[in-house]
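Student: Next up is a structure, given as structure tokens.
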Amino acid sequence: MEKQNFVCPHCGKKQQLKKLLLLSNFSKWNCPYCGTEIAPEKKSAVHGAVYGVLGALSTAVPANYCLYMLNYSLPKSMLIAFGCGIICCALIINHLYKTIKLIKI
């Protein structure tokens, strides 16, 4: 069986999604099930930069395309860009949830 990610390394229980939303290299918390202090494995700054660029491009490109190529109004273009940004954010969170490994401190 494949080892699951974003689980407590001590008890194996999945951690809360809200911990993932504010995750950084300096995050640490206690497992709500066993009390073990855990933290994510350290990642390089490149990972954060890539996610930031993806997030920015996922809104800027659709907004510009809608405004200048399709000649949509500003509110409609912003709404479409916002939707694309939400989808990209959800995909990044899903990717992080599946790939972040937690370690005991």
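The values are calculated or read from the model by the stated rules, or taken from the named source; none is laboratory data. Everything numeric here is computed off the predicted structure, so don't read it as measured data. Cβ placement follows ideal geometry from the backbone for every residue including glycine, while neighbour counts extend to all protein chains displayed. Quick note on the areas: whole protein, heavy atoms, side chains included, nothing else; ligands and nucleic acids left out. Shrake-Rupley method; radii C 1.70, N 1.55, O 1.52, S 1.80 Å.
Student: So for L79, L67, L74, what's the accessible-area order with a 1.4 Å probe, most first?
Tutor: So, going from the largest accessible area down, we get L79, L74, L67.
Student: Moving on. Say we join alpha carbon atoms closer than 10 Å with springs in a Gaussian network model of the chain; which of S24, S58, S73 then has the biggest fluctuation?
Tutor: It is S73.
Student: Could you compute the FRET efficiency for Y65 and W29, with r as their C-beta to C-beta distance and R0 at 35 Å, rounded to 0.05?
Tutor: The formula returns an efficiency of 0.30 here.
Student: Moving on to the next point. What lysines does K101 reach when the alpha-carbon gap must be under 21 Å and sequence neighbours fewer than 8 apart in one chain are set aside?
Tutor: Cα-Cα hits under 21 Å: K3, K13, K14, K18, K19, K28, K42, K43.
Student: Right, here's the next one. Based on the Cβ-Cβ distance of K76 and I100, what FRET efficiency does E = 1/(1 + (r/R0)^6) give at R0 = 30 Å, to the nearest 0.05?
Tutor: My answer for the efficiency is 0.25.
Student: Given a 10 angstrom Cα cut-off, can you work out which residue in A90, A45, A81 is the most mobile in a GNM of the chain?
Tutor: Sorting by GNM fluctuation, first place goes to A45.
Student: List the chymotrypsin sites (Phe, Trp or Tyr not before Pro) in the stretch 17-105 that DSSP assigns to loop (not H, G, I, E or B) and whose Cβ has at most 16 other Cβ atoms within 10 Å. Which are they?
Tutor: Passing both the DSSP loop test and the Cβ count: F26, Y33, Y72.
Student: Sticking with this structure for a sec: Enter the accessible area per residue of the stretch 1-83 (Å², integer; probe 1.4 Å; all protein chains in place).
Tutor: Here the residues of the stretch 1-83 average 71 Å² of exposed surface.
Student: Check the chain for me: any Cys whose beta-carbon has no other cysteine beta-carbon within less than 4.7 Å?
Tutor: Singleton cysteines: C66, C84, C88, C89.
Student: Quick one: angle between helix 74-99 and the longest Cα principal axis of the chain, in degrees between 0 and 90, rounded to 10, please.
Tutor: Between helix and principal axis, roughly 20 degrees.
Student: Can you tell me the relative contact order of the chain? Whole percent, Cα pairs under 8 Å, sequence separation 6 or more.
Tutor: 40 percent
Student: Leaving ligands, DNA and RNA out of it, report the carbon-plus-sulfur percent of the accessible area of the chain at a 1.4 Å probe.
Tutor: In the chain, the share of accessible area belonging to carbon and sulfur is 66 percent.
Student: Taking θ as phi - 60°, what are the ³J(HN,Hα) couplings along the stretch 9-19 by the Karplus curve (6.51, -1.76, 1.60), each to the nearest whole Hz, with x for Gly and Pro?
Tutor: x, 8, 9, x, 7, 5, 8, 5, 5, 5, 5
Student: If the viscosity is 0.692 mPa s and the temperature 37 °C, what translational diffusion coefficient in µm²/s does Stokes-Einstein give for the chain when Rh comes from Kirkwood over Cα pairs?
Tutor: Stokes-Einstein gives a translational diffusion coefficient of 209 µm²/s.
Student: If you don't mind, another one. Please give the per residue volume of the convex hull enclosing the alpha carbon atoms of the stretch 53-105, rounded to a whole number of Å³.
Tutor: Dividing the Cα hull volume of the stretch 53-105 by its residue count gives 76 Å³.
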